[in-house]
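Just below is one structure, and these are the notes that go with it.
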Amino acid sequence: MSTPAFNSEMGLALGILLLAYVLIFTEVMHRSYAALLGAVVMVMLGGWAGFYSQEEALMAVDGNTMLLLMAMMLLVSMLRPTGAFEYLGIRLAKLAKGNPRVLLIYLCAAVSLLSTILDNVTTVIIFAPLTVLVTRMLNLNPAPFLIAEAMMSNIGGAATLVGDPPNLMIGSAAGIDFVRFLLHMGPIVVPVWVVSIGLMLFLFRRELQPVDASAIIDLDENKAINDWPALKRIVSILAGVIILFFLHHTLHWYPAFVSLIGLALALAWMRPDPEKLMTKVEWSVLLFFAGLFVLVGGVEASGLLGLVGAHLAAFASQPGQLLTTALVLMWVAGLLSAVIDNIPFTVTMIPIVAALEQQGVNVTPLWWALALGVGLGGNGTHIGATANVICIAEAERSRLPEARISPARWMKVGMPVMFGSLSVASAVFALFFTAFS
Amino acid sequence: MNLRDLAVPTVLATPGMRVADLFHECVRVQMPGIPYRDAMGRITGKASIRHILKMTCLPDYLTKHSHMLGDHLDHLRFPEVNSREILSRTIDGFILPTLSHVNSSAPITKALAIMEQDNTTYIFILDGDEYHGAISIMSLAQHMLNLAQS
């Protein structure tokens, strides 16, 4: 296949993309506005230059990702006010019997497990203030617990198709179903989780010493649940959705359709106030994703991403180089995700990997490598993931000087955890490479 | 009835005022807050007991989970709650930039409507930068009782 040459349309599309990314990453304006502005400019100039039409722009928006995200946001917004998360958190905290190390493990396990199905941000928004309260009652510094919860929610989210938006985008583009995603990522995420917890227990060893044997958690978990009937309904619906996620490939249903089935049932059964419910959807996130899809769709339509893919294919298609390519992709994705938003990176990389496939490269391992990199890299710095930012803000709100999490304090733990988890992921990936190919 | 006749005169909070002095004044006039006059002589906000207590004694994590709190929290000695230290601070960091107010010629209904809108139980009577005092729902209730008796 002949490699196309770089042309003016590609230059124009690249220029618009770079300008939009500068606006997004420098936060000159809200990232959603920057993405939308870039998308509109891409469609206008792409249409004028003749490489991108409005129809192509609309087709570039991944409906499966958008609808799944929206439906899950709505389902979680119906679960959240029932108090189920608080109940779980208090029960686990009491089970730890005041042992800080056990408490950290229990809270991290809960946050990780919830993050495999629910949005990381929602999970930490609920767990972070509860964690501060519980740790204050035990006279412990909440900072290590908050840092650990954010990191473990990011790691937990990497395990499933619906755990993190980049996974959803990758799964949607690559046609990877829920079960296949879990079977490939789970065996990597589990050792990564164990190593990361071990690292944090070591790095936080001074802060995790019991300081007050008489301290008790004076919280009544039974008062956390304020609507038992609603809780039973939404939990049963979510359980059904999870079961259907396991079956969606067999049933030939999109993951988005599964979540919409759950949403439709929940709306009909629970009848929430529609006006209040709609305010729970993070429209700015959806707008951001839609803008990015249109932006990157324009670059793809210009032929630039195909050109990049063709050049990469020359390397990746050489015998024995596929593993190296995958590992390089994983680490580049991981390191970049520590400092920039992993969503734009993922959206940009997806068509490049897809272009490699058109060049005859076996891209299956590259999808897994990309998912692992963007999923684990966010732990490196305080700005690497939204969950990190939320936990830092909660530490600030606690007004405890010792709980303040500075960027340096985060990186002191985040960097070892990020490098440790990427190393473990690389080792498992390389050892069982045939399973990922 | 002019609102001015119902107003309870209070002193104005000023830069550098101690929290203890603010609390004394609020307790004396039975008002939860008083207006704040800045160094330029303009009334630019209010100093409120509730806001100071919220900012100094009530971290978000306690408020969010108040319905689950047990009855044996006192022994925890939350370091956030330190009365002497709080009372010795100045009010400068606790000024709310908005204050509910009406003109002295406004009807009582308007004052009540603004209090309801602003979710407060007291309001200041201001004509420009001229401050006449504050009225609370308690003083309005007293006024209604007085009217009924006369």
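Only the coordinates and a few stated rules stand behind these numbers; no lab work does. Remember, predicted model here, so these are calculated numbers, not experimental data. So basically every Cβ, Gly included, is an ideal-geometry build from the backbone, and we count neighbours across all protein chains shown.
Values for this structure:
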{"item": "Calculated FRET efficiency for the pair B:ILE137/B:SER105, C-beta based, R₀ 25 Å, to 0.05", "result": "0.75"}
{"item": "By average C-beta atoms within 10 angstrom, highest first, the peptides A:422-430, A:114-122, A:338-346", "result": "A:114-122, A:338-346, A:422-430"}
{"item": "Farthest positive-ward along chain A dipole, Cα basis, beta-carbon charges - from A:ILE243, A:MET59, A:ILE225", "result": "A:ILE225"}
{"item": "Cα pair distances exceeding 20 angstrom across the range B:3-149, given as percent", "result": "54 percent"}
{"item": "Proximal lysines to A:LYS280, defined as alpha-carbon separation beneath 25 angstrom and excluding residues fewer than eight positions away on the same chain", "result": "A:LYS223, A:LYS232, B:LYS64"}
{"item": "Positive-end residue of A:ILE176, A:GLY157, A:ILE216, charge dipole of the range A:131-236 with Cβ unit charges", "result": "A:ILE176"}
{"item": "Radius ratio Rg over Rh of the range A:138-292, counting only Cα atoms, Kirkwood formula for Rh", "result": "1.04"}
{"item": "Chain A: most fluctuating residue of A:LEU322, A:LEU140, A:LEU251 per GNM, C-alpha cutoff 10 Å", "result": "A:LEU251"}
{"item": "In degrees, nearest ten, helix B:137-149 long axis to first principal axis of chain B (Cα)", "result": "40 degrees"}
{"item": "Unit charges at the beta carbon, dipole of the protein assembly as shown: most positive-side option, A:PHE85, A:ALA354, A:SER437", "result": "A:PHE85"}
{"item": "Sum of side-chain charges, B:SER105 neighbourhood, beta-carbon under 12 Å (Lys, Arg +1; Asp, Glu -1)", "result": "0"}
{"item": "B:CYS26, B:CYS57 arranged by Cβ crowding within 10 Å, fewest neighbours leading", "result": "B:CYS57, B:CYS26"}
{"item": "Label-reachable residues, the range A:182-211, where backbone N falls under 18 Å from a point 7 Å from A:THR250's Cα toward its Cβ", "result": "A:182-184"}
{"item": "Ranked A:GLU396, A:GLU300, criterion: other C-beta atoms within 10 Å, fewest first", "result": "A:GLU396, A:GLU300"}
{"item": "Assigned charges on the beta-carbon of Lys, Arg, Asp, Glu; the range B:13-150 dipole about Cα centre (debye)", "result": "100 debye"}
{"item": "Helix-only [θ]222 nm of chain B, DSSP H runs n ≥ 4, -39500 (n - 2.57) each, per residue, nearest 500", "result": "-10500 deg cm²/dmol"}
{"item": "Estimated inter-spin distance, A:LEU183 and A:GLU396, nm [label 7 Å along Cα→Cβ]", "result": "4.6 nm"}
{"item": "FRET efficiency for A:PHE6 and A:ALA408, using Cβ-Cβ distance with R0 set to 56 Å, rounded to 0.05", "result": "0.85"}
{"item": "On Cα atoms only, tilt of A:304-316 relative to the major axis of chain A in degrees", "result": "80 degrees"}
{"item": "Residue-averaged beta-carbon neighbours from other chains (10 angstrom radius) around A:395-403", "result": "3"}
{"item": "Radius 10 Å from Cβ of A:GLY378, net charge of other residues (Lys, Arg +1; Asp, Glu -1)", "result": "-2"}
{"item": "Candidates A:LEU265, A:LEU327, A:LEU370: whichever shows maximal mean-square fluctuation once chain A is modelled as a Gaussian network with Cα springs under 10 Å", "result": "A:LEU265"}
{"item": "Rounded to 10°, Cα long-axis angle of helix A:342-358 versus longest principal axis of chain A", "result": "40 degrees"}
{"item": "Which of A:SER302, B:SER66 has the fewest Cβ neighbours within 10 Å, and the rest in rising order", "result": "B:SER66, A:SER302"}
{"item": "In sequence order, calculated HN-Hα J values of the range A:56-68 (Karplus, 6.51, -1.76, 1.60; Hz; x Gly/Pro)", "result": "5, 5, 5, 5, 6, 6, 7, x, 4, 5, 5, 5, 5"}
{"item": "Backbone HN-Hα couplings from phi across the range A:159-166 [Karplus 6.51/-1.76/1.60, Hz, Gly and Pro as x]", "result": "7, 10, 4, 9, x, 8, x, x"}
{"item": "Separation in nanometres of the label points that stand 7 Å from Cα toward Cβ, at A:SER423 and A:VAL102", "result": "3.1 nm"}
{"item": "Percent of beta bridges antiparallel (DSSP, the range B:3-149, rounded to nearest 5)", "result": "85 percent"}
{"item": "Full-stretch length increase - A:MET44, A:ALA109 - with 0.36 nm per residue and alpha-carbon distance subtracted", "result": "18.6 nm"}
{"item": "FRET efficiency estimate (nearest 0.05) - Cβ-Cβ, B:SER88 to A:VAL332, R0 51 angstrom", "result": "0.40"}
{"item": "Helix-only mean residue ellipticity at 222 nm for chain A, each DSSP H run of n ≥ 4 adding -39500 (n - 2.57), per residue, nearest 500", "result": "-25000 deg cm²/dmol"}
{"item": "The range B:3-149 - percent relative contact order, Cα under 8 Å, separation 6 or more", "result": "31 percent"}
{"item": "For chain A: relative contact order, % (alpha-carbon pairs under 8 angstrom, 6 or more apart)", "result": "25 percent"}
{"item": "Spin-label model distance (nm) - A:LEU58 vs B:ASP5, 7 Å beyond Cα toward Cβ", "result": "6.9 nm"}
{"item": "Environment charge of A:ILE405, counting only residues whose C-beta is closer than 11 Å and scoring Lys/Arg +1, Asp/Glu -1", "result": "0"}
{"item": "Gaussian network model of chain B, Cα within-10 Å springs - most flexible of B:TYR36, B:TYR122, B:TYR61", "result": "B:TYR61"}
{"item": "Using θ = phi - 60° and Karplus 6.51 cos²θ - 1.76 cosθ + 1.60, couplings along the range A:23-32 (whole Hz; Gly, Pro as x)", "result": "4, 5, 6, 8, 6, 4, 9, 4, 4, 5"}
{"item": "Solution diffusion estimate, µm²/s, Stokes-Einstein, chain A, Kirkwood Rh from C-alpha pairs, 25 °C, viscosity 0.890 mPa s", "result": "109 µm²/s"}
{"item": "Simple Cβ-charge dipole of the protein assembly as shown, Lys/Arg +1 and Asp/Glu -1, about Cα centre, in debye nearest 20", "result": "1180 debye"}
